[in-house]
Amino acid sequence: MSSNPLRTQELLDLCITFVSESPRNLLSCSLVARSWVNAAQSELFRIANLSVRPDRVAHKFCNALSGSPHLAHHVRELRMGNLPALIQNLDHVPFTHLQTLRLYIKNVSVAVEIYRPLLSLPTLQTLHLRTSSRFSASVKFLALCPTIQHLHLSCREDYEESQADSASSLTMESPFIRLMSLQLEISGGEDPPQHKLDKTALYPLDISELKALSIWGSGSIRWNSLPKTAQESIRIVDSNFWLGELDLSSFRNLSVLRLGMIQGGDAESDVRHTLASISPSNPIQTVVLGLSNGLLRYNKEECAYIDRILLSLASRDIRVEFEFELETRGAEEKVNEWFPAITSQNKFHLIYRPYGASDIWRRDLLPIL
């Protein structure tokens, strides 16, 4: 056994991970010795972010891969903006270990052939797709990536969808894509059409064995259309305030529940009825109530009902959290005012999340899947 610990490759690899946040230090490490090169390059190219300053960084990245194609084997995550010309330059790059892809595609209907080589990689497991296209066209476009298990889709509502935006050539041509987690962020105006979460509306996606579901930004999703098999398998539900009342009695394996509650409308009533539907036999471990900032002028009578339900859940050793955005002033005082029963028993936790982020997906909860 070597007396020098840095001659043990496993220890050397571990040491290099401690400087992984500094590209300059990783470059320096790669010049120390041959035994350092692979570990340093693995950290340096693990996440390729081409969405920031693509005019410089992206072309540097492409030039590096052109001169040393083996570097592509280190890439585990690729982040790209709306750069179709650059994508075409990566057609023949051997991304043999790419697992996560983050894309912005302005119009999916004209991007099928451009993005097909990346999206069809057999190692791809996670896709973050942000697009200006509509919901139905975006879902059909996903037929290009048959191996994904985790999907984050940000798109627009369906209204009067044009023929050019329909991506109809992909309809019903691929086998189902079985997802473990699904995040939907759908933007649009008032009175959008209702989307079902069934085989027809989501083809080629299969959510029958879904473990985590998050829906933000739209009241157009019909929760009562969620397949029964999905309700029974889902462990994490993350819902914002637009989605209304949920009946959780059939969610037999639900472990984490997050409900957004922004003042106005019937948000308080919806939250109350949703929490009341949690059965005593449900194995739920964490309940998160996402509260809005500002004055929090909630309906006091409804909050009193919610307060008692939360206290009852806490008595079952269920973790109760109140979630605010970062830098919210007086969060604890606001919770004390609107939910005095649970706060008097000191059976709650205050959680702060980044602006505009779904905190459930950022707090290491998905590994339980």
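The numbers here are math on the coordinates, done by the rules we state, and not lab data. These numbers were taken from a predicted model, which means no experiment stands behind them. We place every Cβ from the backbone using ideal geometry, glycine too, and count neighbours over all the protein chains shown.
Each of 323, 209 was scored by other Cβ atoms within 10 Å of its Cβ. Arranged with the fewest first, they read 209, 323. If you take all other residues with their beta carbon under 9 Å from the beta carbon of residue 99, and give Lys and Arg +1 and Asp and Glu -1, the sum is 0. Can you tell me which lysines have their Cα less than 20 Å from the Cα of residue 211? Leave out same-chain residues fewer than eight positions away. Hits, sequence-local ones excluded: 196, 199, 228.
Taking 7 Å steps out from each Cα toward its Cβ at residue 60 and residue 198 produces label points 5.2 nm apart.
Work through the residues other than residue 74 whose Cβ is under 9 Å from its Cβ and net out their charges, Lys, Arg +1 and Asp, Glu -1. Around residue 74, the surrounding residues sum to +1.
In segment 300-339, a dipole from Cβ-located charges (positive for Lys and Arg, negative for Asp and Glu) runs towards its positive end, and of 324, 303, 314 it is 314 whose Cα lies farthest in that direction. Among 256, 57, the order by Cβ neighbours within 10 angstrom, fewest to most, reads 57, 256. Within 13 Å, Cβ to Cβ, of residue 223, how many net charges do the neighbouring residues add up to if Lys/Arg are +1 and Asp/Glu are -1? Taking every other residue near residue 223 into account, the sum is -2.
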